[in-house]
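Before any comments, here is the structure.
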Amino acid sequence: MKNIVLIGFMGSGKSTVGCRLAHRLGYKFVDTDYEIEQVTGLTVAQIFAKHGVKRFRGEEALLVSKLMHQQDLVIATGGGLVLRPENVAMLQQNGVLIGLKASARTICSRVRNKRTRPLLARGNLRENVERLLRERQAAYDVAEFSVDVDQLTPEEIVDIIYHYLKEKGYVR
């Protein structure tokens with residue numbers, strides 16, 4: 001069985017949905033940001049502050065190269081992990097990419113009180129979210145299937161993804 005890889009902007013619900021989807025499928029759940037924090041001993045914000053975005057993206061690439069050889073995983077990726085085409089190519093070798101799409105309004109409401117996200121920590125939140133969404137749109141379009149999450153509960157999103165995976169024969 002292929003890994004299920006959730007992609008999308010920060011705050012789109014990848015971790016919440018991923019954990020629930022993994023439970024439903026009987027797969028192991030992996031949150032790439034959490035795994036990087038465990039390996040480095042630093043939070044994502046600390047990595048950005050001390051070493052910069054380039055180091056963080058390098059940690060993501062290293063983790064992806066390890067995950068591509070495993071199976072029965074639901075992987076919640078960091079919002080920028082798919083910015084590197086080589087990450088996408090590795091994940092697609094043994095995984096199906098599922099996009100979670102959220103509007104700028106939804107994202108802002110979800111991350112408003114979590115200003116520890118390095119790319120949103122300064123400046124106008126709404127403007128930053130809208131700019132990054134525009135910049136990353138093509139990167140998120142690599143998803144085989146996408147779900148617009150704005151009006152859905154996590155359980156409804158899991159149901160939609162599960163039925164898609166079953167229909168395509170990715171899960172039993």
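Computed with every protein chain present, the accessible area of Asp150 is close to 50 Å² [probe 1.4 Å].
Modelled spin-label separation between Arg112 and Gln38, with each label point placed 7 Å from Cα along the Cα-to-Cβ direction: 3.3 nm. Over 21 Å between Cα atoms, which of Lys66/Lys166; Lys14/Lys50; Lys54/Lys101; Lys14/Lys101; Lys28/Lys166 qualify? Result: Lys66/Lys166; Lys14/Lys50; Lys54/Lys101 exceed 21 Å.
Just one of (i) 142; (ii) 91; (iii) 105 is volume of the Cα convex hull per residue in Å³ as worked out from the coordinates here. Which one is it? Step by step, volume of the Cα convex hull per residue in Å³ for this structure corresponds to label (iii).
Return the carbon/sulfur percentage of the accessible area of the chain, one whole number, probe 1.4 Å, all protein chains in place.
On the way: 4320 of 8840 Å².
The nonpolar share, carbon plus sulfur, comes to 49 percent.
Here the extension length gained between Thr153 and Gln137 equals 3.5 nm, from 0.36 nm per residue of separation less the Cα-Cα distance.
Per residue, the accessible area of the chain comes to 51 Å² when a 1.4 Å probe rolls over the protein heavy atoms. Accessible-area rank, largest first, for Lys168, Lys2: Lys168, Lys2, with all protein chains present and a 1.4 angstrom probe. Spread over its residues, the convex hull of the C-alpha atoms of region 11-63 is 85 Å³ per residue.
Accessible surface comparison of Thr40, Thr16, probe 1.4 Å, protein chains only, largest first: the order is Thr16, Thr40.
Rolling a 1.4 Å probe across all protein chains gives Arg55 an accessible area of roughly 90 Å².
Give the accessible area for Tyr170 in Å² (nearest 10); use a 1.4 Å probe, count only protein heavy atoms, and leave out ligands, DNA and RNA. Approximately 40 Å² for this residue. Distant-in-sequence amide contacts of Phe145, defined by a placed amide H-H separation under 5 Å and a gap of 5 or more residues or a different chain, comprise Gly99.
Take the Cβ atoms of Cys19 and Lys50, set R0 to 22 Å, and the FRET efficiency comes out at 0.20. If the segment from Ser146 to Arg126 were pulled out straight at 0.36 nm per residue, it would be longer than the present Cα-Cα gap by 4.9 nm.
The values are calculated or read from the model by the stated rules, or taken from the named source; none is laboratory data. Bear in mind that the values here come from a model prediction, so they are computed numbers and not experimental data. FYI the Cβ positions are ideal-geometry reconstructions off the backbone, even for glycines, and counts take in every protein chain you see. The area values use the complete protein model at the heavy-atom level, side chains included, leaving out ligands, DNA and RNA. Shrake-Rupley method; radii C 1.70, N 1.55, O 1.52, S 1.80 Å.
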